[in-house]
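Trainee: This is the structure I want to talk about, given as structure tokens.
The values are calculated or read from the model by the stated rules, or taken from the named source; none is laboratory data. Predicted model, so just to flag it, every value in this text is computed and none were measured. Cβ: placed from backbone, ideal geometry, glycine included. Neighbour counts: every protein chain shown. Just the protein is used for accessible areas: all its heavy atoms, side chains included, with ligands, DNA and RNA removed. Shrake-Rupley method; radii C 1.70, N 1.55, O 1.52, S 1.80 Å.
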Amino acid sequence: MPPRKRATPGQGELLGMSTTKEIQDILWKAADKLRGSMDAAQYKEFVLGLVFLKYVSDAFAERRAELAADPELAELPEHRRAEFLEERDEYTEKNVFWVPQSARWDHISENAQSAVDGVGALLDDAMDAIMKENPPLTGVLPKIFNRDNVDKKRLKELVDLISDARFTGHGDRPAQDVLGETYEYFLERFGRAEGRLAGEFYTPACVVRLLVEVLEPYEGRVYDPCCGSGGMFVQAGKFVTAHAGRDHTNDIAVYGQEANERTWRLAKMNLAIHGMDPKGVGDRWADTFAEDKLPDLKADFVMANPPFNLKVWARKTDDKRWRYGVPPQSSANYAWLQHVVSKLGERGSAGVVLSNGSMASKQSGEGEIRAALVEADLVACMVALPGNLFRTTAIPVCLWFLTKDKTPQGARALTERRGEVLFVDARNLGAMIDRTERILTDDDLAKIADIYHAWRGTESAKAKGLKYEDVAGFCYSATLNEIREHDFILTPGRYVGAAEVEEDPDAEPVEERIMRLTKELFEHFEESTRLESVVQGHLRKIGG
């Protein structure tokens with residue numbers, strides 16, 4: 001009888017895990033041991049690359065099991081069954097990546113210990129094989145597992161842990177969902193661990209959800225000009241699935257661009273692991289201002305979290321995107337806004353995260369550009385967000401919601417909003433989850449999204465029976481004339497006013513309280529004067 005295989009650290013825990021969250025926590029702790037001498041960016045690629053490899057292998061295995069379970073297949077000779085299970089089209093037509101034998105996880109797991117060149121070489125070869133067989137992944141997957149700075153013993157332990165993690169068997173949920181959540185979980189953990197440096201690839205989940213919930217991208221083209229790791233696209237896909245079902249995921253087509261090579265790779269993997277087309281973020285990374293990869297795109301929805309107040313960017317004064325004024329070199333905020341407007345289709349809408357300064361800045365012509373955007377009736381809604389939502393910056397942030405069409409839009413029967421802008425002051429919302437970080441709760445997200453939908457008269461608002469009303473201290477629908485009176489400053493606090501305070505019927509009447517406090521103050525003054533006189537008398541006696 002062969003000796004029983006010894007479990008690696010954490011492996012016994014994983015075998016007993018029943019929830020995705022528990023699996024994720026154990027994997028994170030195990031992966032963290034591999035950090036060693038790797039830089040943060042390499043480590044991120046390293047761990048997420050392994051999760052992706054497990055995903056494509058599990059998705060392939062699931063499809064293979066479906067094919068094997070076909071009753072008609074049982075009637076074929078054994079050699080013909082084996083050939084059928086290796087027919088590439090049976091996988092690719094279901095949007096499943098073709099995984100060659102040498103890259104399948106069971107092969108890696110079985111040979112990790114005995115591989116001549118070690119587990120690192122085995123993984124690098126697997127990544128290479130998958131990229132060669134799947135053109136959309138060319139140049140995307142990391143081949144960094146056999147480098148000298150990788151602890152091979154701990155790498156083998158991590159492979160064993162991932163092998164034993166139950167990414168399947170979670171009720172009716174496919175491996176894609178569970179592994180997709182694991183990928184998102186790791187992105188979030190890297191975002192927390194890297195702090196400010198993570199800003200280029202990670203936007204807080206609650207902010208992404210808010211953008212999506214307000215815009216409601218049920219179908220059409222969704223664009224992100226600085227897509228980071230693709231979180232906006234993934235959340236848009238989740239929105240469609242939640243409201244229309246998994247079969248409608250393809251009702252949206254995603255398009256994006258990312259300037260950072262490593263972040264672009266993360267986005268390609270993130271889309272693939274969520275069953276979305278990785279070709280959506282192009283065949284190469286590129287700077288949106290220097291090289292717009294999608295010059296002719298007109299999108300139904302644009303969502304973006306660009307770098308705040310970017311000072312070093314590829315500015316060209318004759319760029320055709322600057323229809324409302326040439327943005328200054330000192331800040332790209334209004335370059336991003338105008339780029340987004342240039343990508344909107346006839347009835348397109350957009351949500352953009354920017355620093356609060358963008359709502360009121362007048363330096364270097366920004367005030368004139370903002371006025372031009374308002375006069376063109378492109379601004380639909382401004383939302384001031386609470387502080388501490390971003391670990392990556394202490395800069396207060398806001399949301400700009402833009403639209404090309406504020407009319408009722410025919411059969412959609414929306415509320416006529418031409419010449420109006422909705423202002424929402426959400427600075428008092430959210431809950432602190434630790435000493436430095438705040439999140440918007442589900443109720444907070446619903447409150448903001450519902451008020452916008454009620455204002456616009458959307459189908460979702462009608463289904464809930466919502467009707468818009470200004471709420472002092474929270475929201476106000478302003479006319480363009482009112483905005484002109486405020487010199488086109490778009491800070492919500494200027495418009496929503498102070499919140500109304502409900503009177504307590506048992507509270508002391510104001511007049512009586514003033515009289516009481518005045519009397520108490522006078523009595524206190526008299527007592528103080530008396531004590532001072534006593535003290536002075538004692539001092540004179542001592543001096544005498």
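Trainee: Conditions first: (1) out of contact with any Gly (no Cβ under 6 Å at 6 or more places or on another chain); (2) closer than 16 Å to D58 by Cβ; (3) modelled with pLDDT under 85; (4) in a helix (DSSP H, G or I). Q176 passes all but one, so which condition is the exception?
Mentor: The single condition Q176 does not satisfy is (1).
Trainee: Within the stretch 292-320, work out how many residues are of a type outside the set (A, V, I, L, M) and under 23 Å from T203 (Cβ atoms). If you could, list the steps in order and put the result at the bottom.
Mentor: Step one: filter the stretch 292-320 for residues of a type outside the set (A, V, I, L, M), giving 292-293, 295-296, 298, 300-301, 305-309, 311, 313, 315-320.
Applying the additional criterion that residues be under 23 Å from T203 (Cβ atoms) yields 292-293, 300-301, 305-309, 311, 313.
Residues meeting the conditions: 11.
Trainee: Then there's this: F289 - would you say it is of a type outside the set (V, I, T), touching a Gly at 6+ places or on another chain (Cβ under 7 Å) and at pLDDT 95 or above?
Mentor: When the stated conditions are applied, F289 does not pass them.
Trainee: Touching a Lys or Arg at 6+ places or on another chain (Cβ under 6 Å) and under 23 Å from A30 (Cα atoms), is that true of A103?
Mentor: Working: touching a Lys or Arg at 6+ places or on another chain (Cβ under 6 Å): no; under 23 Å from A30 (Cα atoms): yes.
Taking the combined requirement at face value, the residue does not satisfy it.
Trainee: Also: Give the number of residues within the stretch 301-318 that are touching a helix residue (DSSP H, G or I) at 6+ places or on another chain (Cβ under 9 Å) and of a type outside the set (F, W, Y). Reasoning before the result, please.
Mentor: Step one: of the stretch 301-318, the residues touching a helix residue (DSSP H, G or I) at 6+ places or on another chain (Cβ under 9 Å) are 301-310, 313, 315.
Within this subset, residues satisfying the condition of being of a type outside the set (F, W, Y) are 302-307, 309-310, 315.
Final tally of qualifying residues: 9.
Trainee: Restricting to the stretch 77-103, give me the number of residues that are open to solvent by less than 60 Å² (accessible area, probe 1.4 Å) and not acidic (D, E). Working first, answer last.
Mentor: First, the residues of the stretch 77-103 that are open to solvent by less than 60 Å² (accessible area, probe 1.4 Å): 82, 84-85, 90-92, 96-100, 102-103.
Restricting the remaining residues to those that are not acidic (D, E) gives 82, 84-85, 91-92, 96-100, 102-103.
Matching residues across the stretch 77-103 total 12.
Trainee: Something else about it: Tell me whether the stretch 415-425 contains one or more residues that are more than 15 Å from S477 (Cα to Cα) and surrounded by fewer than 20 Cβ atoms within 10 Å (Cβ to Cβ). Give the steps one after another, and end with the answer.
Mentor: Taking the stretch 415-425 and keeping what is more than 15 Å from S477 (Cα to Cα), we get none.
No, the conditions are met nowhere in the stretch 415-425.
Trainee: Suppose we keep only residues that are over 20 Å from A371 (Cα atoms) and among the aliphatic types (A, V, I, L, M) within the stretch 306-338. Which one would you say is surrounded by the fewest Cβ atoms within 10 Å (Cβ to Cβ)?
Mentor: In this case the residue turns out to be V312.
Trainee: What single numbered condition from (1) open to solvent by 50 Å² or more (accessible area, probe 1.4 Å); (2) closer than 18 Å to A478 by Cα; (3) in contact (Cβ under 8 Å) with a residue 24 or more places away in the chain fails to hold for M432?
Mentor: (2)
Trainee: What pairs come out if I take residues in the stretch 330-353 that are under 19 Å from L294 (Cα atoms) and pair them with residues that are charged (D, E, K, R) and open to solvent by less than 10 Å² (accessible area, probe 1.4 Å) whose C-beta lies under 7 Å away, six or more apart or interchain?
Mentor: Pairs found: none.
Trainee: Any idea which of (1) buried (at least 23 other Cβ atoms within 10 Å of the Cβ); (2) assigned to a strand (DSSP E or B) is the one D300 doesn't satisfy?
Mentor: Of the numbered conditions (1) buried (at least 23 other Cβ atoms within 10 Å of the Cβ); (2) assigned to a strand (DSSP E or B), the odd one out for D300 is (1).
Trainee: Filter the stretch 236-269 for residues that are surrounded by 19 or more Cβ atoms within 10 Å (Cβ to Cβ), over 22 Å from D300 (Cα atoms) and among the polar types (S, T, N, Q) and give the result.
Mentor: Result: T263, single match.
Trainee: Would you mind telling me which numbered condition in (1) modelled with pLDDT of 90 or more; (2) of a type in the set (S, T, N, Q); (3) farther than 18 Å from S460 by Cα T241 fails?
Mentor: It fails just one condition, (3).
Trainee: Does any residue of the stretch 267-290 turn out to be assigned to a strand (DSSP E or B) and either out of contact with any helix residue (DSSP H, G or I) (no Cβ under 6 Å at 6 or more places or on another chain) or farther than 23 Å from T403 by Cα (or both)? Talk me through it step by step, then tell me what you get.
Mentor: If we filter the stretch 267-290 for residues that are assigned to a strand (DSSP E or B), which is where we start, we get none.
Looking through the stretch 267-290, none of the residues is assigned to a strand (DSSP E or B) and either out of contact with any helix residue (DSSP H, G or I) (no Cβ under 6 Å at 6 or more places or on another chain) or farther than 23 Å from T403 by Cα (or both).
Trainee: Could you check K132 against (1) closer than 25 Å to W264 by Cα; (2) in a loop (DSSP other than H, G, I, E, B); (3) open to solvent by 40 Å² or more (accessible area, probe 1.4 Å) and say which number it fails?
Mentor: (2)
Trainee: I'd like to know if the stretch 461-479 contains one or more residues that are within 12 Å of C381 (Cα to Cα), in contact (Cβ under 8 Å) with a residue 12 or more places away in the chain and touching a Cys at 6+ places or on another chain (Cβ under 6 Å).
Mentor: no
Trainee: Let me spell it out: the conditions are (1) part of a loop (DSSP other than H, G, I, E, B); (2) modelled with pLDDT of 90 or more; (3) open to solvent by 20 Å² or more (accessible area, probe 1.4 Å); (4) of a type in the set (G, A, S), and G228 meets all of them except one. Which number is the exception?
Mentor: Going through the list (1) part of a loop (DSSP other than H, G, I, E, B); (2) modelled with pLDDT of 90 or more; (3) open to solvent by 20 Å² or more (accessible area, probe 1.4 Å); (4) of a type in the set (G, A, S), G228 breaks only (3).
Trainee: Tell me which residues, restricted to the stretch 63-76, are loosely packed, with under 11 Cβ neighbours inside 10 Å and among the small types (G, A, S).
Mentor: Listed by number, the residues that qualify are A69, A74.
Trainee: Within the stretch 497-511, can one find any residue that is part of a helix (DSSP H, G or I) and either modelled with pLDDT under 70 or within 30 Å of L373 (Cα to Cα) (or both)? Even if it seems obvious, please write down each step before you answer.
Mentor: Narrowing the stretch 497-511 to residues part of a helix (DSSP H, G or I): 510-511.
Right, trim to either modelled with pLDDT under 70 or within 30 Å of L373 (Cα to Cα) (or both) and you get 510-511.
Yes, the conditions are met somewhere in the stretch 497-511.
Trainee: Right, something else. May I ask you to list pairs of residues, at least six apart or on different chains, whose Cβ atoms are under 7 Å apart, with the first in the stretch 153-164 being within 16 Å of Y183 (Cα to Cα) and the second being in a helix (DSSP H, G or I) and of a type in the set (D, E, K, R)?
Mentor: I162/K54
Trainee: Out of curiosity, is A446 open to solvent by 20 Å² or more (accessible area, probe 1.4 Å), of a type outside the set (S, T, N, Q) and within 29 Å of the chain's Cα centre (by Cα)?
Mentor: On the way: open to solvent by 20 Å² or more (accessible area, probe 1.4 Å): yes; of a type outside the set (S, T, N, Q): yes; within 29 Å of the chain's Cα centre (by Cα): yes.
Considered against the rule, which asks whether it is open to solvent by 20 Å² or more (accessible area, probe 1.4 Å), of a type outside the set (S, T, N, Q) and within 29 Å of the chain's Cα centre (by Cα), A446 comes out as yes.
Trainee: Right, something else. Among F52, F60, F84, which is in contact with a helix residue (DSSP H, G or I) (Cβ under 8 Å, 6 or more places away or on another chain), in a helix (DSSP H, G or I) and farther than 28 Å from F145 by Cα? Before you say what the answer is, go through the steps one by one.
Mentor: Values: F52 fails: farther than 28 Å from F145 by Cα; F60 fails: farther than 28 Å from F145 by Cα.
The match here is F84.
Trainee: A follow-up question, please. Return the only residue of G365, G387 being surrounded by fewer than 19 Cβ atoms within 10 Å (Cβ to Cβ), at positive phi and not charged (D, E, K, R). Give the derivation first.
Mentor: On the way: G387 fails: at positive phi.
The unique qualifying residue is G365.
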